[in-house]
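For reference, the structure discussed in these notes is given below.
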Amino acid sequence: MSGPHVDAVVVGGGLAGITAALDLAASGASVALVERRRRLGGLTWSFAHHGLQLDNGQHVFLRCCDAYRGFLSRIGSAGDVELQPRLEITAVRPGPGAGTPPTSGTLGRNDLPAPLHLGRSLLRYPLMSRSERLRVGRAVLGLRRLDLDDPALDEETFGSWLDRHGQGPGALGALWDLITVATVNLPAREASAAIAAMVFRTGLLEDHAAADLGWSRLPLGILHGERAAATLERAGVSLRMEETVVSVGPADEGCPGPLGVTTTSGPLGADMVVVAVPHTVAGSLLPAGSFPGQELLEKLGTSAIVNLHVVFDRQVTDLPLLAGVGSPVQWVFDRSASAGLDGNGQYLALSLSAADHLVGRHPDLIAAELLPELERLLPEARGARVLETLVTKERAATFRAAPGSSCLRPGPSTSTPGLSVAGAWTATGWPATMEGAVRSGHAAAAAALDSSGRRSPTRRPTTKRPTGKPPTGQRPPARQSPARQPTTEEVA
Ligand SMILES: Cc1cc2nc3c(=O)[nH]c(=O)nc-3n(C[C@H](O)[C@H](O)[C@H](O)COP(=O)(O)OP(=O)(O)OC[C@H]3O[C@@H](n4cnc5c(N)ncnc54)[C@H](O)[C@@H]3O)c2cc1C
């Protein structure tokens, strides 16, 4: 094998790969980024549909997502996101019978130090009984005392931890699952207590402003993909789009550089390689034995996110977002402006996390179930005409953050000098999020630079090493077809 040589190759152009490529280029390295699709941004993408720009799914971040917000600044997109001055979530529960009005409450904060900043809003929160509200304090105290690095925490579900801390089904539905499902992409009854506890501690219990919500004012394809492409090009990174990497490892004889990358266009030699692809692909792309438990990556599994996009002929809510309680409608976002909807209509994106059960369901059936439920939350929708519905399904939106998942997530370094691994699924300490992806990109670039004997110019972010030992005796990870795209299905 012979071919051109670059200092560094980054495999995968999601947020992790973009970050790693920018860090490597900033160190003075010549960098090639290889991405199998024709766009950057990975799991954050947009598409045109009947004159609108729709995202594959609503993406939200928190004020405490420092790495992600730094990424936005770096690619020139920081001014194109909305960030709440103070956390404010309107939660709505449908009325008990047909035609009865819904009950709504606000979860928000004031400027008192955490966790007192939530106290006033929780005490007035009408979607929980008085005793449920009072018992929340017990779980909050328990969360504050937890050792998040205790491997035992990853052996139980967050639901069972909440049970032991006095939280009944009412509190689970009206409060804990509202956050857990959206951030961990599993309900508390299935989520690892370690990952969910990290989310609540970081987002709600340490800094009073940490959980203020942010979202893009632009389609994600512009906010991330287009802006990142321009920034990478300015940084001198060679973008090799629509090229799939088929193998990575020590270079064959004749290939320049200690490492070799084979793509659908031929071989590349490099001193450093960052593999920033999903875990469903990484296990089989990396040389065997790259990190302990590599053959068990398949056990990380996947969890789906489905979005129902609905265009109404008129405005049905003036809220930018709302959360459903006791409803199959989880979160609703007004995306009219970002999609470019003109006139009097309104475009709402209904985001459904932990949605494996919806992946095989026909879009018509999803719309038929959710539209009446939306009307129960938003009575104004009853008189409005639905102009259009569309369902987007991301089967592998995140890894499955179930008990036992923490020890399956590797750190950035591998057993091969110069070769490192990135992605929201690696051991970032975060669930699979944009923040986790960016953190992993920084960590992988730093690890590649360190182990190849170069110095990293960037701050080394904190990454969490997996705790515990990987389970044994499991099947090797399945190979995913590089050509598979997430499914987008049109309804009616
Ligand atoms: C619908 C949806 C909603 C979400 N909502 C949120 C949210 O609200 N907040 C939040 O923080 N996170 C959210 N997430 C999660 C977030 O999008 C991801 O965690 C993050 O974008 C993952 O980035 P990544 O770079 O690790 O991986 P990816 O985005 O998966 O990037 C990997 C890249 O590698 C490329 N690739 C794969 N194989 C090869 C190969 N062999 N050769 C070359 N290239 C290859 C892929 O094409 C892809 O571009 C959501 C995800 C989805 C799908």
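The values are calculated or read from the model by the stated rules, or taken from the named source; none is laboratory data. Everything numeric here is computed off the predicted structure, so don't read it as measured data. Positions of Cβ are generated from backbone atoms using ideal geometry, with glycine treated the same way; all protein chains shown enter the neighbour counts. Ligands, DNA and RNA are stripped out before the accessible areas are found, and what is left, the full protein with its side chains, is counted by its heavy atoms. Shrake-Rupley method; radii C 1.70, N 1.55, O 1.52, S 1.80 Å.
When you scan region 44-57, do you find a residue that is closer than 18 Å to L223 by Cα and free of Cβ contacts under 8 Å to residues at least 24 places away in the same chain, even just one? Within region 44-57 (the criterion being closer than 18 Å to L223 by Cα and free of Cβ contacts under 8 Å to residues at least 24 places away in the same chain), the answer is yes, since at least one residue qualifies.
Scan the strands (runs of 3 or more DSSP E) fully inside region 243-319 and keep the ones with 3 or more residues being under 27 Å from the mean Cα position of the chain (by Cα) and under 29 Å from A8 (Cβ atoms). Even if it seems obvious, please write down each step before you answer.
Details: elements: 245-250, 259-263, 266-275, 303-312.
In region 243-319, the matching strands (runs of 3 or more DSSP E) lie at 245-250, 266-275.
Show the residue pairs that are 6+ apart or on different chains and have beta-carbon atoms under 6 Å apart, the first residue being within region 160-185 and open to solvent by less than 10 Å² (accessible area, probe 1.4 Å), the second being within 16 Å of the ligand (Cβ to nearest atom) and assigned to a helix (DSSP H, G or I). Once the first residue is open to solvent by less than 10 Å² (accessible area, probe 1.4 Å) and sits in region 160-185, its partners that are within 16 Å of the ligand (Cβ to nearest atom) and assigned to a helix (DSSP H, G or I) give T180/A196; V184/I195; V184/A196.
Checking each residue in region 352-393 for being surrounded by fewer than 22 Cβ atoms within 10 Å (Cβ to Cβ) and assigned to a strand (DSSP E or B) picks out V386, L387, E388, T389.
Run down S131, S121 and say which single residue is open to solvent by 30 Å² or more (accessible area, probe 1.4 Å), more than 30 Å from A228 (Cα to Cα) and small (G, A, S). Write out each step before concluding.
Numbers: S121 fails: open to solvent by 30 Å² or more (accessible area, probe 1.4 Å).
The match here is S131.
Taking the listed residues A235, A209, the one that is under 24 Å from L40 (Cβ atoms) and touching a residue at least 40 places away in the same chain (Cβ under 8 Å) is A235, with no other qualifying. In this structure, A384 does satisfy being away from the ligand (no atom under 16 Å from the Cβ), in the same structural domain as D364 (by TED's automatic domain parsing), modelled with pLDDT of 95 or more and small (G, A, S).
Among the residues making up region 323-332, those that are surrounded by 22 or more Cβ atoms within 10 Å (Cβ to Cβ) and outside any loop (DSSP other than H, G, I, E, B) are A323, G324, V332.
Regarding A78, is this residue free of Cβ contacts under 8 Å to residues at least 12 places away in the same chain, of a type outside the set (S, T, N, Q) and surrounded by fewer than 24 Cβ atoms within 10 Å (Cβ to Cβ)? Give the steps one after another, and end with the answer.
Working: free of Cβ contacts under 8 Å to residues at least 12 places away in the same chain: yes; of a type outside the set (S, T, N, Q): yes; surrounded by fewer than 24 Cβ atoms within 10 Å (Cβ to Cβ): yes.
Here the answer is yes, as A78 does meet what is asked.
Within region 130-143, can one find any residue that is assigned to a loop (DSSP other than H, G, I, E, B) and touching a residue at least 12 places away in the same chain (Cβ under 8 Å)? No, that holds for no residue. When G166 is tested against the conditions (1) at pLDDT 95 or above; (2) under 30 Å from I18 (Cα atoms), the lone failure is (2).
Per-residue answers, yes or no, for (1) out of contact with any helix residue (DSSP H, G or I) (no Cβ under 9 Å at 6 or more places or on another chain); (2) under 22 Å from E394 (Cα atoms); (3) of a type in the set (D, E):
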{"residue": "G142", "(1), (2), (3)": "no, no, no"}
{"residue": "G168", "(1), (2), (3)": "no, no, no"}
{"residue": "A171", "(1), (2), (3)": "no, no, no"}
{"residue": "L205", "(1), (2), (3)": "no, no, no"}
{"residue": "L218", "(1), (2), (3)": "no, yes, no"}
{"residue": "I222", "(1), (2), (3)": "no, yes, no"}
{"residue": "L232", "(1), (2), (3)": "no, no, no"}
{"residue": "V246", "(1), (2), (3)": "no, no, no"}
{"residue": "P250", "(1), (2), (3)": "yes, no, no"}
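Determine if region 189-197 includes at least one residue that is more than 30 Å from Q53 (Cα to Cα), modelled with pLDDT under 95 and over 17 Å from the mean Cα position of the chain (by Cα).
Quick first cut of region 189-197, residues more than 30 Å from Q53 (Cα to Cα) only: 189-197.
Then keep just the ones that are modelled with pLDDT under 95; that gives none.
The answer is no, given that none of the residues of region 189-197 is more than 30 Å from Q53 (Cα to Cα), modelled with pLDDT under 95 and over 17 Å from the mean Cα position of the chain (by Cα).
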